[in-house]
Amino acid sequence: MTDFTMDKGADDVAIITWDVPGKSMNVLSLDGAAELNALIDEALADAAVKGIVITSGKKDFAAGMDLNVIAGMKQGGAQAVFDGVMTLHHLLRKIELAGMDPKTKKGGKPIAAALPGTALGIGLELPLATHRIFAAENPKARIGLPEIMVGIFPGAGGTTRLVRKLGAMGAAPFLLEGKLSDPAKAKSAGLIDEVVADPLQAAREWVLKAGDADLVKPWDAKGYKMPGGEPYSPSGFMTFVGASAMVHGKTLGVYPAAKALLSAVYEGAMVPFDTALKIEARWFTNVLMNPSSTAMIRSLFINKEALEKGANRPEAPDQTVRKLGILGAGMMGAGIAHVSAMAGIEVVLIDSTQEAAERGKSYSTGLLDKAISRRKSTEEKKAEVLARITPTTDYAALQGCDLVVEAVFEDPAVKAEVTKRAEAVIPQDAIFATNTSTLPISELAKASARPDQFIGIHFFSPVDKMLLVEIIKGRETGSRAVAKALDFVRQIRKTPIVVNDARFFYANRCIIPYINEGIRMVAEGVSPTLIENAAKMMGMPLGPLQLVDETSIDLGVKIAKATRAAMGDAYPDGAVDHVIFRLADQGRLGRKTKAGFYDYDEAGKRQGFWSGLAAEWPEADTQPELTEIQHRLMFAQSLEAVRALQEGVLEDIREGDVGAILGWGFAPWSGGPFGWLDMLGAPRAVEIAEDLAAKFGPRFAAPQLLKDMATKGESFYGRIGAGNKAA
Ligand code: NAD
């Protein structure tokens, strides 16, 4: 079983083909790198070989480094990581120098890369080390360096080469934002050299006619000057000062990879190429040894993918959805119809009036028009997608639907009625799902004649943007319903988590205490600016006050009233209600009314805090420590996640972490609440929780599970072992 094979043709060009057995996409492993190394040595040593082309036996070139390998490299410690990275550098540098004489730069063998499709991460770093990159005319192909998205940065020379090729400014979107391009755009950005119908043939022809000068990279030639200027030139100085400020402004210092990347670029730009590679390797090692990168790779890549591939899917035959019924064409129903039609599913979209149903469909029209104006779609595609959505008031149109998703008003009586009406029409074996955000699934299932085929599929708003879908099992939900929901979520390319039925399920259960803690602090006289910044400096995308403005304050009021009614005297959030009821009374319902905790201008753009806020809740003379505010905001969410696990609402911490990041943006650098608590360590987490509980109340009391872990010296991921279920 080999990942790379070499074939020397009659024209004396050695074709090295990358084709990892048993995988649909090539990923580089350490064994694979060793094989490639041996083949390059063989080809360079073979006097008969005139040139080398590296290509792929699959429809794409490569998806990157095997992230499981990267996660594994850490086990050996920093030196092992550094040595591993340097091995890759040596290999790629060998390709780049191609056996040429170090002084005269003559006598090397031309090496080209032929990319049939997508080339990501090391799948681009390897081509960047060759002398010319040919890509196929394949608009679906994605080319780029997405490492930063999982908390690392291109560490196999991609950083150093791209900056020297494009300059710091030109390389910034690719390195700092992980921007991916199709081949045509990659060519115009200077990432690759040629886009052709047959890249293998073109590369073959090129290596045969390339001369010595074609093999010398600009940075290996005399008099090389970095595009845009070195850091100590006037223009370079401006670039680096600006980049530093921009990166810090965006990340507030919580993402170690972005900072390390900038350091590697800055320090690397001031030294010769080979030293720069060593610097890149050191910073890469530094980032890899940071617990944040482990946590991000684990949640955002390994576990996210495992959940998408059905890690928690019960055994059941394929449940692919063919015809979907949606009840309620409001904001959620329209969004669900859109993503489903985009995935090729036939949709019947029902509302109580034809006009409302049509309005739901027109939401899709709007999104598709926008996509066309941005050249992300075409008129044909639009017509195709819209033709799949049938807006109607007629329940008989639900005949033949194998899944129904109900998204009518949040009212049990209305939901019960539509459940019965739909079940009278749909096939006996169809699955019925509700998109309720607050009502217990087991209660709603009472309206169903087939409660084992009744389930919660909880989308987040806006449906077309949010990546997470929460699947909720009611008391009687059967395993085929779970499989159906999971297969549906897979079809619409979102990430599922499966939880048990309990108040607010999982995501809302954790996000509400975060919002409430922020609002409590306002009532206590903590500066709203301090609250919001404390949250952002922990890596939360939105402060709690901005978040409640976005989700709307009247929704908060509604939830508070319903929760109080359900909990009676045990209701703990009176202090919060005082604030939001007061805002709601004044018509300040959040962004939608252009008035909430913040002021908004006519166009709805957020301005500063509402000037009346300080009059209603004056800021105290003495403000708390930043860390204390951060602990309150983070523990409010994380302890709730632990309680959800302890109570069995959550069955798998992987779902708890992935769901937290995708569902409500829980500090992605931490890998999620369980990853974060593991970084703190259970004993320290218990200590902080107990301190907070003594000062602010029992909502911060450490759950028994966490206390037990502290006593036994356990961690969440240690308890379950990598990749296993928690339960
Ligand atoms: P919405 O008010 O925008 O839409 C509800 C739609 O249902 C309306 O178009 C209404 O005409 C229609 N409807 C009402 N009764 C009907 C009936 N008997 N037959 C057919 N259609 C009927 O509400 P929404 O925000 O889309 O929420 C729908 C559901 O999704 C609710 O259960 C809500 O809790 C849940 N949800 C909402 C969000 C959110 O952020 N808005 C997020 C997750 C879940």
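The values are calculated or read from the model by the stated rules, or taken from the named source; none is laboratory data. All values derive from a computational prediction rather than experimental measurement. As a convention, Cβ positions derive from the backbone with ideal geometry for all residues, glycine included, and neighbour counts pool all protein chains shown.
A count restricted to the range 473-506 and to residues that are at pLDDT 95 or above, more than 13 Å from residue 451 (Cα to Cα) and of a type outside the set (S, T, N, Q) stands at 18.
Please specify each residue of the range 107-132 satisfying the condition of being on the phi > 0 side of the Ramachandran plot and part of a strand (DSSP E or B).
none
When the helices (runs of 4 or more DSSP H) confined to the range 644-708 are screened for residues that are in contact with a strand residue (DSSP E or B) (Cβ under 6 Å, 6 or more places away or on another chain), those reaching at least 2 such residues are found at 653-664. Of the residues making up the range 234-270, those that are small (Gly, Ala, Ser), touching a residue at least 40 places away in the same chain (Cβ under 8 Å) and in a helix (DSSP H, G or I) are 236, 243, 257, 258, 260, 264, 268.
Selection of the range 665-696 for residues being buried (at least 23 other Cβ atoms within 10 Å of the Cβ), of a type in the set (Phe, Trp, Tyr) and more than 15 Å from residue 293 (Cα to Cα) yields only 666.
Might you check whether a residue that is under 23 Å from the mean Cα position of the chain (by Cα) and more than 17 Å from residue 323 (Cβ to Cβ) occurs anywhere in the range 438-447? First the steps, then the outcome.
Within the range 438-447, the subset under 23 Å from the mean Cα position of the chain (by Cα) is none.
Looking through the range 438-447, none of the residues is under 23 Å from the mean Cα position of the chain (by Cα) and more than 17 Å from residue 323 (Cβ to Cβ).
What number of residues within the range 611-643 satisfy the criterion of being polar (S, T, N, Q) and assigned to a helix (DSSP H, G or I)? Quick ask: steps written out before the conclusion?
Filtering the range 611-643 down to residues polar (S, T, N, Q) leaves 611, 622-623, 627, 630, 637-638.
From what's left, assigned to a helix (DSSP H, G or I): 627, 630, 637-638.
The total comes to 4.
Is one or more of the residues making up the range 454-472 within 16 Å of the ligand (Cβ to nearest atom) and assigned to a helix (DSSP H, G or I)? No, the range 454-472 contains no residue that is within 16 Å of the ligand (Cβ to nearest atom) and assigned to a helix (DSSP H, G or I). Taking every residue in the range 551-567 that is without any contact (Cβ under 8 Å) to a residue 40 or more places away in the chain and under 15 Å from residue 439 (Cα atoms) and pairing it with any residue that is among the charged types (D, E, K, R) and more than 11 Å from the ligand (Cβ to nearest atom), at least 6 positions away or on another chain, the pairs with Cβ-Cβ distances below 6 Å are 560/577. Among the residues of the range 99-130, those that are crowded, with 23+ Cβ neighbours inside 10 Å and in contact with a Pro (Cβ under 7 Å, 6 or more places away or on another chain) comprise 113, 114, 115, 119, 120, 121, 125.
Look through the range 423-444, keep the residues that are out of contact with any Asp or Glu (no Cβ under 6 Å at 6 or more places or on another chain) and either among the aliphatic types (A, V, I, L, M) or not assigned by TED's automatic domain parsing to the domain that holds residue 353 (or both), and return whichever of them is nearest to the ligand (Cβ to nearest atom). Write out each step before concluding.
Residues of the range 423-444 out of contact with any Asp or Glu (no Cβ under 6 Å at 6 or more places or on another chain): 423-429, 431-433, 435-439, 443-444.
Add one more test, that the residue is either among the aliphatic types (A, V, I, L, M) or not assigned by TED's automatic domain parsing to the domain that holds residue 353 (or both), and what stays is 424-426, 431, 433, 439, 444.
Details: 424: 14, 425: 13, 426: 15, 431: 18, 433: 11, 439: 7, 444: 10 Å.
So, considering only residues that are out of contact with any Asp or Glu (no Cβ under 6 Å at 6 or more places or on another chain) and either among the aliphatic types (A, V, I, L, M) or not assigned by TED's automatic domain parsing to the domain that holds residue 353 (or both), the one nearest to the ligand (Cβ to nearest atom) is 439.
Restricting 441, 431 to those that are modelled with pLDDT of 95 or more, aliphatic (A, V, I, L, M) and closer than 30 Å to residue 368 by Cα reduces the list to 431. In the set (1) within 18 Å of residue 492 (Cα to Cα); (2) in contact with a Leu (Cβ under 6 Å, 6 or more places away or on another chain); (3) crowded, with 23+ Cβ neighbours inside 10 Å, the condition left unmet by residue 345 is number (3). Checking 480, 503, 490 one by one, the residue that is within 16 Å of the ligand (Cβ to nearest atom), surrounded by fewer than 23 Cβ atoms within 10 Å (Cβ to Cβ), on the phi < 0 side of the Ramachandran plot and not aromatic (Phe, Trp, Tyr) is 503 and no other. Residue pairs whose Cβ atoms lie under 7 Å apart, separated by 6 or more positions or on different chains, with the first residue in the range 398-422 and at pLDDT 95 or above and more than 9 Å from the ligand (Cβ to nearest atom) and the second small (Gly, Ala, Ser) and assigned to a helix (DSSP H, G or I), are 398/422; 404/422; 416/447; 419/447; 420/447. Screening the range 302-352 for residues that are under 30 Å from residue 151 (Cα atoms) and of a type in the set (A, V, I, L, M) and picking the one that is nearest to the ligand (Cβ to nearest atom) gives 339.
Take residue 608 and decide whether it is part of a loop (DSSP other than H, G, I, E, B) and exposed (fewer than 15 other Cβ atoms within 10 Å of the Cβ).
Values: part of a loop (DSSP other than H, G, I, E, B): no; exposed (fewer than 15 other Cβ atoms within 10 Å of the Cβ): yes.
Here the answer is no, as residue 608 does not meet what is asked.
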